[in-house]
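Engineer: Provided herewith is a single structure, encoded as structure tokens, for subsequent inquiry.
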Amino acid sequence: MQEASLIGAIKIILIILLVYFGIKIIFRWFGPLILKYIMKKLGEKAFRNFNQGENFQSPFQQNRTQQQPKDNIDKKKSNSSKKNKEVGEYIDFEEIE
């Protein structure tokens with residue numbers, strides 16, 4: 001049976017710290033390059049999708065237009081214009097010194 005030794009524990013802690021700081025340094029140097037590459041690819045993809053979908057309606061817009069006929073929309077607009085509600089009384093507050 002092996003026993004845990006102080007030297008073994010120190011080696012493990014040093015290895016963990018070395019890996020942590022190594023990854024930290026690598027991301028500090030190469031992180032901006034990686035992010036620049038990712039943003040470039042995402043921009044190209046978004047531009048490509050925008051150009052392909054100029055006459056495209058999203059599925060949500062298609063469902064909304066199919067569910068509501070124009071007659072119902074016109075009726076809702078005319079009913080809302082007839083309503084005239086009083087909101088309330090305006091109170092002007094003054095500052096007290």
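Engineer: Which one is modelled with the lowest pLDDT, of the residues in the stretch 27-55 that are assigned to a loop (DSSP other than H, G, I, E, B) and exposed (fewer than 10 other Cβ atoms within 10 Å of the Cβ)?
Structural biologist: My answer is 55.
Engineer: With the structure loaded, tell me whether residue 73 is at pLDDT below 90, part of a helix (DSSP H, G or I) and of a type in the set (Val, Ile, Thr) or whether it fails that test.
Structural biologist: Considered against the rule, which asks whether it is at pLDDT below 90, part of a helix (DSSP H, G or I) and of a type in the set (Val, Ile, Thr), residue 73 comes out as yes.
The values are calculated or read from the model by the stated rules, or taken from the named source; none is laboratory data. This one's a predicted model, so the numbers in the text were calculated from it and none came from an experiment. FYI the Cβ positions are ideal-geometry reconstructions off the backbone, even for glycines, and counts take in every protein chain you see.
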